[in-house]
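Okay, so here's the structure we're looking at.
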Amino acid sequence: MTGGRATTIRRQWWAWAIAALVIAVAVAPLVQQWLTNPDDQRLVDLDVYRTGGQMILDGRAVYEFATPAPQLLPFTYPPVAAMLAVLLAKMSWETAQWVWTAGVFVSLAVVVAYSFRGVLSAHREGWARYAPWLFAFLMVACTYLMPIRDQVRFGQVDILLVALCLADCVARRPWWPRGFLIGLATAVKLTPGVFLIYLLVTRQWRTFFMAAFAAALLTLLPFVVIPQDAADFWFSALFDPNRLGANAATTNQSIRGMLIRLYLPDAVTSVIWIALVAVVGWYGFRGARAAYQAKDPITAVALVGLMAVLLSPVAWIHHLAWVVVVLGAIVGDGRDPVRVRVAVGVWLYYVLPIPWWGVALKVAGVPVLDKIVQDGYGLGALGLVWLLVSWLPKRRDVA
């Protein structure tokens, strides 16, 4: 950022303040809807986090509790996550709801700022003056993506993990040891561990060793602080997929989830899943490496994020928070109208509740099509992988 542009932005503090107000007003209906929900339906995942922290405070087993009926949700995260959740447990339920919801939007702001950095900082005459309004527009548009709506609805942690991994990969001058945030995210929820593979295939050795060290340290720490809970997770709870909920549910949009809904014999499902994971993983990580080598880290991160969703045994719809980064990768610097139009189409696709339309078709007795639509977000994610690996580089060359 040049000194002149930085000065322009500083002088427009009032524009950024108004933009923040516009965002607050635009997202208020969504926040009000979910924070005034019946108490037993409100931010149910946040309730899981807080209860996990409370179990530690009470000296009780973290992996043996379930939240009250009708949810009956167990704690499914690694033990270090329960240790961090102690901070939430010390808050009142009302305070925790507001603090966590604010954190969701702060995390989203970080993701939007990094993902759309190309268009927000595009070098055009007088462009900086419009940055606050464009940022506000992007924030509101991304808030109403279904995976982000679900972050607010359930009080989920995914968008925070996206922000940690994205910042670690694309920040130009990080004040933290690069790799530490990926290690933290991996220790909290395992699936960001795909970024360790990315760091390996791109030969970012220093960052890889820092990420691996941080993840290992935060994984071993609970064996010192809460050893029984640590043992319960790593030697028992981790291997029980049913703790995550019904794997065949519509909300599971991973490759495995889509295969399970075909109701093939378990052995056949497992063989096909392993084969598809190998093929999609090879294709996706190869594309991420190519994007990194082409100095397009946003696309690389978007691809690795999609790998976290598709290759995981279970990936709920809110795990697709990575679609915000995908949109930023497609838009680029905003100069190519074709890329912008494609991004608008992708945005609309993930705003609409397409998988639930598949459920409606299933109830109506429409065969084949019901499965395709029910798997809409997962199939869409596969399409996005192709888009970022094959279409986007060609489009960049044409432009």
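The values are calculated or read from the model by the stated rules, or taken from the named source; none is laboratory data. Computed from a prediction, not measured in an experiment: that's the story for all the values here. Positions of Cβ are backbone-derived with ideal geometry, glycine not excepted, and every protein chain shown enters the neighbour counts. Just the protein is used for accessible areas: all its heavy atoms, side chains included, with ligands, DNA and RNA removed. Shrake-Rupley method; radii C 1.70, N 1.55, O 1.52, S 1.80 Å.
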Scanning the stretch 248-275 for residues that are open to solvent by 40 Å² or more (accessible area, probe 1.4 Å) and among the small types (G, A, S) gives A267, S270, A275
Please pick out the residue among V201, V194 that is open to solvent by less than 40 Å² (accessible area, probe 1.4 Å) and modelled with pLDDT of 95 or more. V194
Exactly one of W34, W100, W133 is part of a helix (DSSP H, G or I), of a type in the set (F, W, Y) and either closer than 24 Å to A329 by Cβ or open to solvent by less than 30 Å² (accessible area, probe 1.4 Å) (or both), and that one is W133
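Within the stretch 311-399, which helices (runs of 4 or more DSSP H) (wholly inside it) include 3 or more residues that are modelled with pLDDT under 95, of a type in the set (K, R) and crowded, with 18+ Cβ neighbours inside 10 Å? Quick ask: steps written out before the conclusion?
Numbers: elements: 323-331, 337-351, 354-363, 369-374, 376-386, 392-398.
Answer list for the stretch 311-399: none.
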Scanning for something more than 21 Å from W391 (Cα to Cα), under 14 Å from the mean Cα position of the chain (by Cα) and among the aromatic types (F, W, Y), does the stretch 313-321 turn up at least one residue? yes
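Would a scan of the stretch 96-118 turn up a residue that is at pLDDT below 95 and touching a Gly at 6+ places or on another chain (Cβ under 9 Å)? Break it down stepwise before answering.
The initial filter retains those residues of the stretch 96-118 that are at pLDDT below 95, namely 117-118.
Still in the list and also touching a Gly at 6+ places or on another chain (Cβ under 9 Å): 117-118.
So far as the stretch 96-118 goes, yes, one or more of its residues are at pLDDT below 95 and touching a Gly at 6+ places or on another chain (Cβ under 9 Å).
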Does at least one position in the stretch 144-163 carry a residue that is open to solvent by 20 Å² or more (accessible area, probe 1.4 Å), part of a helix (DSSP H, G or I), of a type outside the set (F, W, Y) and farther than 22 Å from R50 by Cβ? no
Taking the stretch 177-191 as the search range and keeping residues that are modelled with pLDDT of 95 or more and assigned to a loop (DSSP other than H, G, I, E, B), which one is nearest to A216 (Cα to Cα)? G179
